[in-house]
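The block underneath contains the structure these notes are about, expressed in structure tokens.
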Amino acid sequence: MVAATWSAALRAALDELPPRQREIVILRDVEGLPSQDVCGLLGVSEGNQRVLLHRGRSRLRALLESDLAVRGL
């Protein structure tokens, strides 16, 4: 039950990210691709990829924390 709750919350939070942040977070953290591969696939610089990944992860964290607070967990 907890896994299903987290899975649904994570999917919803990912959907709220800007498209480029969502793509990079999924490719890096879900698919496990190295940063060089992500840069090549998306045509972004290493620095831009790092910034987008950091912002995406930070936003996900905030969205999930908010969701947990609403649920009282």
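Side notes on the structure shown:
- Beta carbons closer than 9 Å, at least 6 apart along the sequence or on distinct chains, pair a first residue in the range 57-73 that is within 10 Å of A9 (Cα to Cα) with a second that is at pLDDT below 85 and in a loop (DSSP other than H, G, I, E, B) for D67/L73.
- The range 32-73, residues that are open to solvent by 60 Å² or more (accessible area, probe 1.4 Å) and among the hydroxyl-bearing types (S, T, Y): S45, S66
- Residues within the range 32-51 that are closer than 20 Å to R61 by Cβ and not in a helix (DSSP H, G or I), tallied: 1
- Identity of the residue in the range 1-15, within 11 Å of the chain's Cα centre (by Cα) and free of Cβ contacts under 8 Å to residues at least 24 places away in the same chain, that ends up least open to solvent (accessible area, probe 1.4 Å): D15
- Subset of the range 16-31 (residues that are open to solvent by 70 Å² or more (accessible area, probe 1.4 Å) and part of a loop (DSSP other than H, G, I, E, B)): E31
The values are calculated or read from the model by the stated rules, or taken from the named source; none is laboratory data. Values in this document were obtained by computation on a predicted structure and should not be read as measured data. Every residue, glycine as well, gets a Cβ built from its backbone with ideal geometry; the counts of neighbours run over all protein chains shown. Surface accessibility is based on the protein's heavy atoms, side chains included, excluding ligands, DNA and RNA. Shrake-Rupley method; radii C 1.70, N 1.55, O 1.52, S 1.80 Å.
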